[in-house]
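> I have a structure here, written as structure tokens, and I will follow up with some questions on it.
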Amino acid sequence: MANANTQIDPMHGEEIGHGNSKAAWAAIAVMMVGFIVGCIAFAGHNPTVVYIGVGIVFLGLIVGWIMKKAGYGVNGAKSGSAH
């Protein structure tokens, strides 16, 4: 049973957001497409398309980074949760 007197460290008290932003969702969506393409190609023994799937995954990283810089990241100006 948990101790009722557990204290939270004030240094780590604020919520980090866990990537709940438009940039994170777009990046994950693109990366999921890349993984699906890569897995289907792997099962079909098509190495060229597997590498295309890997490229799509890296494209997802770039999409997320660009959207974060554009203000759609956690607490970004265009994310809707900016203060």
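What follows is calculated from the coordinates using simple rules that are stated; it is not laboratory data. In this text, all values refer to a predicted model and were calculated from it rather than measured experimentally. All Cβ positions, even for glycine, are placed from backbone atoms using ideal geometry, and neighbour counts span all protein chains on display.
> If I take every Cα pair under 8 Å that is 6 or more residues apart in the stretch 27-70, average their sequence separation and divide by the length, what percent do I get for the relative contact order? Could you put the intermediate results ahead of the total?
Working: 46 pairs, mean separation 21.4, N = 44.
Once normalised by length, the contact order is 49 percent.
> Now for a separate question. How much length, in nm to one decimal, is gained on full extension between MET32 and TRP65, taken as 0.36 nm per residue of separation minus their Cα-Cα distance?
10.3 nm
> Quote the FRET efficiency, to the nearest 0.05, computed for ILE40 versus ALA77 with a Förster distance R0 of 35 Å and r equal to the Cβ-Cβ distance.
Working: r = 38 Å, r/R0 = 1.09.
Working from the Cβ atoms, E equals 0.35.
> Return the sequence-ordered ³J(HN,Hα) values of the stretch 58-75 in whole Hz as given by the Karplus equation 6.51 cos²θ - 1.76 cosθ + 1.60 applied to θ = phi - 60°, using x for Gly and Pro.
Residue by residue, the stretch 58-75 yields 5, 4, x, 4, 5, 4, x, 5, 5, 5, 5, 5, 7, x, 9, x, 4, 6 Hz.
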